[in-house]
Amino acid sequence: MIAAQPRSRILGTGRYTPARVLHNTDLEKIVDTSDSWITERTGIRRRHIAADGELTSDMATAAGRSALAAAGISAADLDMIIVGTISGDSPLPACAVHVQQKLGAWEIPAFDISAACAGFVYGLTIADQFITNGAACRVLVIGVELLSRILNWKDRTTCVLFGDGAGAVVLGPASGDGRGIVSTRIFSDGALAGSLVIPGGGTSEPLTVDGIERSRDKVHMVGQDIFKVAVKNLSSASLIALEGAGMTAADLDWVVAHQANLRIISQVAARLSLPLEKFVLNIEEYGNTSSASIPIALDEAVRDGRIKPGHNVLFCALGAGISWGASVVRM
Ligand code: ACO
């Protein structure tokens with residue numbers, strides 16, 4: 001197959017992670033867990049937690065500013081802002097409009113994507129479409145989560161897994177030199193919608209005092225249900241995106257996978273016949289930051305020089321919905 005011609009390109013990356021760090025040993029004092037259980041089952045050692053009063057849109061804005069600076073453009077140059085998040089400042093309006101306001105961008109479209117951990121890959125795919133058809137030139141795509149405020153800190157099956165943070169990219173038109181988003185694919189399957197939910201607070205279950213006492217407004221997850229499909233779907237989506245790019249896994253320089261569980265990433269690596277050394281890993285430091293995990297890891301690897309211009313990089317993510325996707329990008 002002939003390699004597809006990229007239509008949009010990542011012009012700059014950025015991230016923001018809160019200063020406060022919660023270690024596994026800190027969690028031992030909160031719930032019935034242990035550093036060894038968390039490390040062995042997930043690969044997580046620490047996670048960053050937003051400061052009191054810090055908002056999702058504050059973190060998103062900081063990551064966005066960092067990506068704009070890396071791209072060498074200002075907020076006034078943007079045509080669109082897309083924010084992947086399930087933990088925005090409030091249910092209404094979109095977190096993206098607060099980011100637009102804080103960045104000082106013009107009256108451009110600004111909207112949220114609700115695809116949980118796949119939110120960044122969804123946002124990238126949508127931005128790529130707008131740039132390809134000429135409806136937008138510069139798009140800021142942000143993945144941001146402030147999950148620490150929507151976790152049940154008495155539920156050891158969820159509270160040890162997640163962290164807060166934001167990552168961002170600026171997308172613009174590809175210049176014809178082969179660099180850019182070569183292929184990107186997104187999927188959903190509502191059959192597993194009940195496996196990862198915030199059951200209360202929507203129209204099906206408006207919040208009541210009893211509901212709040214039973215933590216119906218917090219994240220509930222059947223981890224094993226997600227684990228089983230994660231390895232299969234992340235691998236298959238990656239192969240589909242690679243095929244769309246006219247590549248095989250052997251052509252990849254790096255993989256930036258969603259950081260939910262080191263065991264999931266290891267099994268995806270095995271299915272793609274790739275060594276784990278090809279994967280950018282930071283789950284140890286941040287835990288699962290949902291839609292923020294890929295752009296945070298991407299920005300770290302770009303800034304420390306692991307990912308270089310011209311490298312072929314695969315993104316793959318899966319989360320609540322379930323929703324998942326994969327993108328092949330020549331940096
Ligand atoms: N500390 C100690 N023990 C624990 C803890 C904990 N924090 N949590 C669960 N356990 C116990 C369980 O109660 C169970 O005990 P039992 O055997 O006596 O019943 C035992 O450990 C094993 O529990 P499992 O759920 O079988 O553990 P598993 O190996 O499946 O790991 C995990 C759980 C880490 C959640 C894993 O299933 C996973 O990573 N799932 C995928 C998560 C994911 O990818 N989510 C999607 C993205 S998130 C998003 O979209 C927002």
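The values are calculated or read from the model by the stated rules, or taken from the named source; none is laboratory data. Since the model is a prediction, treat every value here as computed from it, not as a measurement. Quick reminder, even Gly has a Cβ in these numbers, built from the backbone with ideal geometry, and neighbours come from all protein chains shown. Heads up: the accessible areas ignore ligands, DNA and RNA and are worked out on the full protein's heavy atoms, side chains in. Shrake-Rupley method; radii C 1.70, N 1.55, O 1.52, S 1.80 Å.
A few remarks follow.
- Residue in region 123-132 that is touching a Pro at 6+ places or on another chain (Cβ under 8 Å), on the phi < 0 side of the Ramachandran plot and open to solvent by 10 Å² or more (accessible area, probe 1.4 Å) present: yes
- Which listed residue, of Ile322, Ile265, Ile296, Ile283, is at pLDDT 95 or above and either more than 12 Å from the ligand (Cβ to nearest atom) or assigned by TED's automatic domain parsing to the domain that holds Tyr16 (or both): Ile296
- Selection of region 1-36 for residues being within 13 Å of the ligand (Cβ to nearest atom), touching a residue at least 40 places away in the same chain (Cβ under 8 Å) and open to solvent by 70 Å² or more (accessible area, probe 1.4 Å) yields Ile30, Asp32.
- Screening the candidates Lys232, Lys228, Lys308 for the property of being of a type outside the set (S, T, N, Q), at pLDDT below 95 and open to solvent by 10 Å² or more (accessible area, probe 1.4 Å) yields one hit, Lys228.
- Residues in region 72-122 that are in contact (Cβ under 8 Å) with a residue 60 or more places away in the chain, in a helix (DSSP H, G or I) and surrounded by 21 or more Cβ atoms within 10 Å (Cβ to Cβ): Ala116, Cys117, Ala118, Gly119, Phe120, Val121, Tyr122.
- 2 or more residues within 15 Å of Val121 (Cβ to Cβ): qualifying helices (runs of 4 or more DSSP H) within region 255-310: 293-303
- Residues that are within 16 Å of the ligand (Cβ to nearest atom) and part of a loop (DSSP other than H, G, I, E, B) were ranked within region 216-241; the one that is farthest from Ile265 (Cα to Cα) is Asp217.
- All positions within region 159-186 that are surrounded by fewer than 20 Cβ atoms within 10 Å (Cβ to Cβ) and among the hydroxyl-bearing types (Ser, Thr, Tyr): Ser175
- Condition check for Glu205 on (1) open to solvent by less than 60 Å² (accessible area, probe 1.4 Å); (2) under 19 Å from Ala317 (Cβ atoms); (3) of a type in the set (Asp, Glu): one failure, at (2).
- Taken together, the residues in region 192-215 that are part of a helix (DSSP H, G or I), without any contact (Cβ under 8 Å) to a residue 60 or more places away in the chain and small (Gly, Ala, Ser) amount to 2.
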